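Since the structure comes first, as structure tokens, the remarks are kept for the end.
The values are calculated or read from the model by the stated rules, or taken from the named source; none is laboratory data. Here the structure is a predicted model, which is why all the values come from computation and not from measurement. Note: ideal-geometry Cβ built from the backbone for every residue, glycine included; neighbour counts use all protein chains shown.
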Amino acid sequence: MNLNEGGALQWATYATNRDAISTNWGHELPRETWWHAAVVNDGRHTILYVDGSELLRNPSTPAPGLRTTSEFWMLGAYHYDRVIERSFYGWLGDVRIVNRTLPVRSFML
């Protein structure tokens, strides 16, 4: 999960059925504003939500499950070739990782 310099969320997924990364792209979000971001893998696709609304730039690439690339996992930063290129400076609230798909009504809005 990354926040780019334009204020857009980016979530990179490594699905169990592919040998490549698929990326969900957000839109520019207002700075110094609280927003709720959720990433849901429903066993078919990975969907990024902001404030309970599904983003339009979610990939149609099938993702029946997620796996690791054997690299470290980062929240608010990204790396290329094991070098951290950008990190997030700000506040993060609650982070929940669950073993099941949550419906939108269960998000912390």
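Observations on the model:
- Unique residue being at pLDDT 85 or above and surrounded by fewer than 12 Cβ atoms within 10 Å (Cβ to Cβ) when the list is GLU71, GLU54, GLU28: GLU28
- Residue within the range 89-98 that is of a type outside the set (Asp, Glu) and surrounded by 14 or more Cβ atoms within 10 Å (Cβ to Cβ) present: no
- Qualifying positions in the range 21-64 - touching a residue at least 24 places away in the same chain (Cβ under 8 Å), closer than 21 Å to ARG100 by Cβ and assigned to a loop (DSSP other than H, G, I, E, B): HIS36, ASP42, GLY43, GLY52, ASN58, PRO62, ALA63, PRO64
- Whenever a residue of the range 92-106 is on the phi < 0 side of the Ramachandran plot, its partners that are among the charged types (D, E, K, R) and exposed (fewer than 10 other Cβ atoms within 10 Å of the Cβ), lying with C-beta atoms within less than 9 angstrom and at least six residues away or across chains, give the pairs LEU102/ARG96.
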